[in-house]
Amino acid sequence: MLPLIATVVVLDQMIKWWAWRHISWTKINSGGDILVGHTISAWYARPVTGALLDLVDFGLLSIAVSVLARYRVPAAVGVPGALMVGGWGSNLLDRLGAHFWTAPGSVRGVVDFIHLGAHYYNLADFFIISCTPLFLLTAAYYGVRAARRPATERLAVGRSAVGRSAVAASAPPPARGRARTRLRIPALAGAGLILVVALGAANYGGVNAASTTPTRQVGGHA
């Protein structure tokens, strides 16, 4: 799952970098989306409350990535799930500081450059829009299928799980050094994330459209 997520993120960020410099109507969405409404979108657009909401989103997305990476799921569930998470992750990276690279001088927000009707989108949005319904449908299908399995099969699976738990319980505990290392890595990652978000809140930028950015090439065309 992780290579799929990384592929979506890298591809989306590279295209956003190119669009900010070559497509004149590229914009920064500093708020939320239609799913959260106007009030929460306004919170996202503010430097401090937006940074705090970004931290909450990062925590939720980390849980989703952990579930996809640690548990065995059918490819029909895992592939759209990974593509969906990759889209959400890339847009969140825009808000966490990637926009300093893709769109220098801009306000904290998501880079949108695909103009359809009255709205603007990016490549990550299409991964989210297309893969989220597919992920939900396939996950529901396999969930119902597992619930309808014969009782004897479910009992055998339960006994197998109990056996694995007993083996894990009888295994020797990990060394203290390894346990401390496992605790230090998330702590350092969390501290680094908080620092990045704090810097993003303090250096908010002032540009919200590509046509006014000073780094744009003179005479550039879409």
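Return, for the Cα atoms of the range 34-125, the radius of gyration and Dmax in Å, separated by a comma.
Every Cα atom of the range 34-125 included, Rg and Dmax give 14.7, 43 Å.
List the chymotrypsin sites (Phe, Trp or Tyr not before Pro) within the range 1-107 that DSSP assigns to loop and that have no more than 14 neighbouring Cβ atoms inside 10 Å.
Of the chymotrypsin sites (Phe, Trp or Tyr not before Pro), the ones in loops of the range 1-107 whose Cβ has at most 14 other Cβ atoms within 10 Å are 25, 71.
Using r as the Cβ-Cβ distance of residue 119 and residue 64, and R0 as 22 Å, what FRET efficiency do you calculate, to the nearest 0.05?
Efficiency, from the Cβ-Cβ distance: 0.30.
Which trypsin sites (Lys or Arg not before Pro) from the range 44-104 combine a DSSP loop assignment with at most 15 other Cβ atoms within 10 Å?
Numbers: sites: 70, 72, 95; in loops: 72.
Counting only loop positions with at most 15 other Cβ atoms within 10 Å, the trypsin sites (Lys or Arg not before Pro) in the range 44-104 are 72.
May I ask for the net charge around residue 51, where only other residues with Cβ less than 14 Å from the Cβ of residue 51 are counted and Lys, Arg are +1 while Asp, Glu are -1?
0
Computed from the coordinates by the stated procedures, all read-outs in this text should not be read as laboratory data. Owing to the predicted nature of the structure, the values given are computational and were not obtained by experimental measurement. For neighbour counting, all protein chains shown are included, and Cβ atoms are generated from backbone atoms with ideal geometry for every residue, glycine included.
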